[in-house]
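The values are calculated or read from the model by the stated rules, or taken from the named source; none is laboratory data. Treat the numbers as computed from the prediction; the structure is a model and nothing was measured. We place every Cβ from the backbone using ideal geometry, glycine too, and count neighbours over all the protein chains shown. Ligands, DNA and RNA are stripped out before the accessible areas are found, and what is left, the full protein with its side chains, is counted by its heavy atoms. Shrake-Rupley method; radii C 1.70, N 1.55, O 1.52, S 1.80 Å.
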Amino acid sequence: NLLSMEENEKKFFLLNKEEYRSYFVTAQRDFESNLIRILQLESKEKELDSSWKELYRNYRAQFPRPVPESEQSQAGSLWISEEVINDWIERISKRRSETESEVEAKILELNRRGQSAVRWGFVGLGASFLVGLLGSMFLAHTMHRPLRELTKGIRAMPQRGRSAPIPIFSRDEFGELAQAFNEMADRL
């Protein structure tokens, strides 16, 4: 907007066409509204850089109030000196560069945290897999042991005619099955 203001000022003085004055005013209003929007970004958590506030004060010193259309006939009342515009452009460029550096640093930090989260996610996945594997092995072992004892008792029955009672290790379904087998072997 500042460059557009400067360009339209030169075109107006060179060609003396009113449309360049209106382009200047439009660019000026856009610059002012953008500057106000930047100032509105300040919140209780994040204080705005003082260079934006200083730029706004300097702008207000140049244009203490909006210039009505009726007063725009005087060419000198609208224009800003080239030195002032160049100073403002330099300030904005410097702050933009600083902001880009801050954003880049925040993005790098976010990336680092994301990579850390992925790493810890894989560690958690590995730990969950290991716990699941150990749990499955324990469950398989607790199911296999009673079945093995029952199978041993069933195989011993035809060979000796009577088998030793099957030890009951639990009160679950396998324990009930072993107890039922022992009762059946006693009846036989």
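Applying a threshold of 6 Å to beta carbon distances and a minimum spacing of six or more residues, or different chains, the list of pairs starting in segment 153-177 at a residue that is of a type in the set (S, T, N, Q) and ending at one that is open to solvent by less than 60 Å² (accessible area, probe 1.4 Å) and modelled with pLDDT under 80 reads 163/153; 163/156; 163/157; 163/185.
For the subset of segment 45-62 comprising residues that are of a type in the set (Asp, Glu) and under 15 Å from residue 93 (Cα atoms), which member is least open to solvent (accessible area, probe 1.4 Å)?
Within segment 45-62, the first condition is being of a type in the set (Asp, Glu), and the residues that meet it are 45, 47, 49, 54.
Remaining after also requiring under 15 Å from residue 93 (Cα atoms): 49, 54.
Values: 49: 52, 54: 81 Å².
This residue is 49.
Of the residues making up segment 60-87, those that are more than 25 Å from residue 15 (Cα to Cα) and either among the aliphatic types (A, V, I, L, M) or at pLDDT 90 or above (or both) number 1. Taking the criterion of being modelled with pLDDT under 85, within 17 Å of residue 93 (Cα to Cα) and loosely packed, with under 14 Cβ neighbours inside 10 Å, the only residue of segment 1-35 that qualifies is 3.
Scanning segment 166-188 for residues that are touching a Leu at 6+ places or on another chain (Cβ under 9 Å) and of a type in the set (Val, Ile, Thr) yields one hit, 166.
The set of residues in segment 88-115 being open to solvent by less than 60 Å² (accessible area, probe 1.4 Å) and at pLDDT below 90 consists of 88, 89, 92, 95, 99. State yes or no: is residue 164 out of contact with any His (no Cβ under 8 Å at 6 or more places or on another chain), part of a helix (DSSP H, G or I) and open to solvent by less than 70 Å² (accessible area, probe 1.4 Å)? No; evaluated as a whole, the condition is false for this residue. Among the residues examined, residue 129 does not qualify as open to solvent by 60 Å² or more (accessible area, probe 1.4 Å) and at pLDDT below 95.
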